[in-house]
Each structure stands twice: as C-alpha cells, then as structure tokens.
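I have placed the structure first, in the form of structure tokens, so that the comments after it can refer back to it.
Read the figures in this text as sums done on the coordinates, not as results from a lab. Source: prediction; values computed, not measured. Counting neighbours? That spans all protein chains shown, and the Cβs are built from the backbone with ideal geometry, glycine included.
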Amino acid sequence: MLRRQVRLVPLVGLIYFSVSGGPYGLENSISGAGPGMAMLLIIVIPIIFAVPCALMNAELGSGIPLEGGYYYWVKVAMGSFAAFVEGMSSWFTSFLDTALYPVLFVDYLANWFPGLARGKHAVFTAFNGGFSIDAHWVVAIAFMIPLATSTPGTPKWSVRPRRR
C-alpha cells in the first residue's frame, strides 16, 4: 500500500488551481450576455467538461491504481516515450499556467490600490521607456518568491509501479 503524501486541503487547492485558476474575466461575460445566460453557462459548461473527466479519472484510477496518475496511465497504454512526452508537456504547462496567477492577483489588487496598476510607478526603465519594471511586476514577483522557494516535503521518487 502506498503512503499518501498529499493531504485533503492541499489536494483541493491543487485541483482548484489545476482546472480553473479562479473566475478572472467573469465580469465581462455577465455584462455581455446578461446575468441569466452567464449563470446558465457558469453552471452548464463545468458539468459538460467535468463529468467526462471525472468518470475517466475514476475508471482509470480504480483500474490502474498507481501513484502518478495520468503519467502511469499513459505509460501502461502507450509506453515509456509517450509517458515521457506526457510528463514533460504537463510539467511545462504547469510552469506556464502557474506564472499567470500572481499577475492576475496583482491585477485584482490594483482595483483596491490603483498605484499597482500596470504602467504606473516605474521602478526601473531602460531603452528610452521601451522596457520598464513597475510596481505591478515587483508585487507579482514578491508574491511568487515564497511560493517558488517553499519546500513542503521531500518527494519520494523511488515509488515504482508493480509489474503485472
């Protein structure tokens, strides 16, 4: 039996940020489509996308109960190279996707603190204004540093699937 390393609250956070990342941009959909249609889309679209994914994960998770999820599911189905490609593409996607959240956080924070809006209060400027670092980016980077440097635990890389 494998020891689970992710507890309930971090797992919920992981799932939330992996699939949604928050409701950024929702304001425009309500004003553009109206509140009734926007609420209908907010309820229907996640069900259309979530139910097939949940059923697939439930079936594969019970059929191939290996820690590592889709990486091992692809490895069992298509071999080591396809699993490598899946793992690397997911790894790159997580880096690119996770880099968006601090910027969105500061965009929302700029509603309460207008000095943090993009382009205001330049801290560093080069190339006659062609390149500048403003307070918006300083706060976003300050938000990223603790997240990037925290080490909640040492991963156990020695877990290998059983041969059947």
| Expressed in nm to one decimal, what extension gain is obtained for the pair residue 104 and residue 71 from 0.36 nm per residue of sequence separation less their Cα-Cα distance? | 9.0 nm
| field | Efficiency of FRET from Cβ geometry, residue 62 and residue 144, R₀ 45 Å, rounded to 0.05 | value | 0.75
| request: List the residues whose amide H sits under 5 Å from the amide H of residue 134, counting only those 5 or more places along or on another chain, with H placed 1.01 Å from N in the peptide plane. | output: 123
| Based on the Cβ-Cβ distance of residue 44 and residue 132, what FRET efficiency does E = 1/(1 + (r/R0)^6) give at R0 = 45 Å, to the nearest 0.05? | 0.60
